[in-house]
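Below is one structure, written out as structure tokens; the observations come after it.
The values are calculated or read from the model by the stated rules, or taken from the named source; none is laboratory data. Please read these numbers as outputs of a predicted model, since none were measured by experiment. All Cβ positions, even for glycine, are placed from backbone atoms using ideal geometry, and neighbour counts span all protein chains on display.
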Amino acid sequence: MEASWRKHLVDDGDGTVRIQAHGSMKVDARLVTDAAHMEMHADDRGPEQLVNTASLPGIVGEAWAMADWHYGYGFPIGGVVATDIDHGELGGAISPGGVGFDINCGVRMLALDATLADVPNLKKLAGRLAGRIPAGGSGKGGVDISAQGLNELLQGGASAALDLGYGQPDDLAALESRGCLETTEADVSQRARERGLNALGTLGSGNHFLELQSVGEVVDERTAKAWGLYEDQLVAMIHSGSRGLGHQVCTDHVRRLESTYRQRNGAWVNDTWGYELPDRQLASAPVHSQEGQAYLDAMNAAANYAFANRAVLAERLRTVLRLELGVDGEARTVYDVAHNIAKIEHHNIGGKGCTCCVHRKGATRAFSADHGEVAKAFETTGQPVIVPGDMGTGSWVMAGPLQGMNQAFGSSCHGAGRALSRAQAKKTLDGKQLKRDLEAQGIRVHASTPNVLSEEAPAAYKNVDDVIRLTNQAGLARPVARINPVAVIKG
């Protein structure tokens, strides 16, 4: 039977398809897609979740799904939703489901002034990276920090990591929000702290990775040159987040909020705030309520931990590169982008200014060159947007617009997006054969288990080139360079 939302589809002709508001939706929903891309989506659950988000109290503009959307918890992965913080007495909704469990999962991209030809022994280098970069579900191999050190990281993010000896001063200007979000209490649970004490400087599992890569085709020479990128150059991407600490923060607040909702007449209702939601996983609080402020503060603390985690991982990477490549191993940070975050930002909605709580779940900022929050280095190019693809096909680096905020609250895709669930991929794809196939292509692969390779196989993901094309067509970000995998470290 056809999903009901499909009856309300309208092609806007600008690289997006609109789901017109119906039922309990307060605004339209927009998907970055076209007819051919839509045909690939047999699973209607992601768009159904997007439709549900359009009923959030205080929502403004439209509910967006980036081209890499797929099914998630409450919100679809790739979802971007903004609420007005001045809506009603306590402001619009903030929803932990709109951020997700891996708070500030993100990517740091680093560049070397070297090419693959400068690597004397790729197999040895990949092996040493695998030995020095802890990967897997546990926090085994994390750096030792004290309870006081952890608290400093929760408050100070990448800057606090720098004070502890991890990172370089020049890094900070190349990090989103300079690697630190404001938190007053950093009030995360004792269990979250315990998990954070063990995991700093570890990749994690699932889609987290460290890749040594080379710059392939450069499609925007001017922007690439401004960022110090050139064809055949060695670069690296580190994809990790807030580990168990962030997961625990989300779990704590999801449980607390969901417990305040009761099912009534087919909806989930919170009588204290007069909220009525179609899905309990959208459990929300007004942003200025005690519950909303507690979540925002704890989320920011977890995001700071993620920025610090990537700083430690970057320093571990640099140590290996220096040992193997000498002076050619010096790596500078190109940019570090956050996924899975909610931020208070100012946007123009229908010709009027709005201070919004922008949820980006599996989406990233793509701010323009003339935006006040863009670092000086990007004032002529727009903000870098790092888009990992898959370990067999490649990735991209894009740029935000040259002028003006894009139509999706200054947001863009964050990756290729899953085409198969992890369970489907594990059933149908052979991890051991994949490893052999990739290494026959010259891509060194180190993973803790064959199951991880099955779950993360190229066939489990959408075509990243198609995602980039759609993102560009919709005017959200423009492609700068395609990046090819050389060595892959997976959890």
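For region 226-277, give me each residue that is in contact (Cβ under 8 Å) with a residue 60 or more places away in the chain, among the polar types (S, T, N, Q) and surrounded by fewer than 19 Cβ atoms within 10 Å (Cβ to Cβ).
251
In region 163-222, what residues are surrounded by 20 or more Cβ atoms within 10 Å (Cβ to Cβ), of a type in the set (A, V, I, L, M, F, W, C) and part of a helix (DSSP H, G or I)?
Hits for region 163-222 are 172, 174, 192, 199.
Against the conditions (1) polar (S, T, N, Q); (2) at pLDDT 95 or above; (3) part of a loop (DSSP other than H, G, I, E, B), where does residue 148 fall short? Just the number, please.
For residue 148, the exception is condition (3).
Which is in a loop (DSSP other than H, G, I, E, B), closer than 26 Å to residue 408 by Cα and hydrophobic (A, V, I, L, M, F, W, C), of 367, 307? Give the derivation first.
Values: 307 fails: in a loop (DSSP other than H, G, I, E, B).
Selected residue: 367, the only one of 367, 307 that is in a loop (DSSP other than H, G, I, E, B), closer than 26 Å to residue 408 by Cα and hydrophobic (A, V, I, L, M, F, W, C).
Checking residue 445 against (1) of a type in the set (A, V, I, L, M, F, W, C); (2) assigned to a helix (DSSP H, G or I); (3) over 22 Å from the mean Cα position of the chain (by Cα), which single condition isn't satisfied?
(2)
Can you name the residue in region 361-400 that is buried (at least 24 other Cβ atoms within 10 Å of the Cβ) and among the small types (Gly, Ala, Ser) and, of all such residues, is nearest to residue 491 (Cα to Cα)?
If we take residues in region 361-400 being buried (at least 24 other Cβ atoms within 10 Å of the Cβ) and among the small types (Gly, Ala, Ser), then 389 is nearest to residue 491 (Cα to Cα).
Quick check, is residue 326 outside any helix (DSSP H, G or I) and on the phi > 0 side of the Ramachandran plot?
Values: outside any helix (DSSP H, G or I): no; on the phi > 0 side of the Ramachandran plot: yes.
The answer is no for residue 326.
Please state which of the following conditions residue 477 fails to meet, knowing it meets all the rest: (1) under 18 Å from residue 210 (Cα atoms); (2) buried (at least 24 other Cβ atoms within 10 Å of the Cβ).
Unmet for residue 477, out of (1) under 18 Å from residue 210 (Cα atoms); (2) buried (at least 24 other Cβ atoms within 10 Å of the Cβ): (1).
Being on the phi > 0 side of the Ramachandran plot and either within 18 Å of the chain's Cα centre (by Cα) or part of a loop (DSSP other than H, G, I, E, B) (or both) is the filter here, so list the residues in region 47-97 that pass it. I'd like the intermediate steps shown before the answer.
Initial filter on region 47-97 (on the phi > 0 side of the Ramachandran plot): 58, 61, 74, 78, 88, 91.
Within region 47-97, 58, 74, 78, 88, 91 meet the criteria.
Is there a residue in region 23-45 that is within 18 Å of the chain's Cα centre (by Cα), buried (at least 22 other Cβ atoms within 10 Å of the Cβ), at positive phi and touching a residue at least 60 places away in the same chain (Cβ under 8 Å)?
No, region 23-45 contains no residue that is within 18 Å of the chain's Cα centre (by Cα), buried (at least 22 other Cβ atoms within 10 Å of the Cβ), at positive phi and touching a residue at least 60 places away in the same chain (Cβ under 8 Å).
Starting from region 318-344, keep only residues that are within 23 Å of residue 68 (Cα to Cα), then list their pairs with residues that are among the hydroxyl-bearing types (Ser, Thr, Tyr) and crowded, with 22+ Cβ neighbours inside 10 Å whose Cβ atoms are within a distance under 7 Å, requiring at least 6 positions of separation or different chains.
What qualifies is 337/364; 338/364; 339/364.
Check every one of the strands (runs of 3 or more DSSP E) wholly within region 223-277 and list those with 2 or more residues that are touching a strand residue (DSSP E or B) at 6+ places or on another chain (Cβ under 9 Å) and polar (S, T, N, Q). Explain how you work it out, then say what you get.
Numbers: elements: 233-240, 262-264, 267-270, 275-277.
Passing ranges, in order: 233-240.
Please find, among 403, 424, 433, the residue that is assigned to a loop (DSSP other than H, G, I, E, B) and surrounded by fewer than 24 Cβ atoms within 10 Å (Cβ to Cβ).
Answer to the selection: 403.
Out of all the residues in region 326-376, which are in contact with a His (Cβ under 6 Å, 6 or more places away or on another chain) and either modelled with pLDDT of 95 or more or aromatic (Phe, Trp, Tyr) (or both)?
Of all residues in region 326-376, those in contact with a His (Cβ under 6 Å, 6 or more places away or on another chain) come to 339, 342, 354-356, 362-364.
Correct list: 342, 354, 355, 356, 362, 363, 364.
Being of a type outside the set (Asp, Glu), modelled with pLDDT of 95 or more and closer than 13 Å to residue 29 by Cβ is the filter here, so list the residues in region 61-81 that pass it.
Within region 61-81, 61, 63, 64, 65, 66, 75, 76, 78, 79, 80, 81 meet the criteria.
Name the residues in region 386-410 that are of a type in the set (Gly, Ala, Ser) and at positive phi, would you? Quick ask: steps written out before the conclusion?
Start the filter on region 386-410 by keeping residues that are of a type in the set (Gly, Ala, Ser), which leaves 389, 392, 394-395, 399-400, 404, 408, 410.
Within region 386-410, 394, 404, 410 qualify.
Considering every residue within region 101-123, establish whether at least one is farther than 30 Å from residue 466 by Cβ, touching a residue at least 40 places away in the same chain (Cβ under 8 Å), among the acidic types (Asp, Glu) and outside any helix (DSSP H, G or I).
Yes, region 101-123 contains a residue that is farther than 30 Å from residue 466 by Cβ, touching a residue at least 40 places away in the same chain (Cβ under 8 Å), among the acidic types (Asp, Glu) and outside any helix (DSSP H, G or I).
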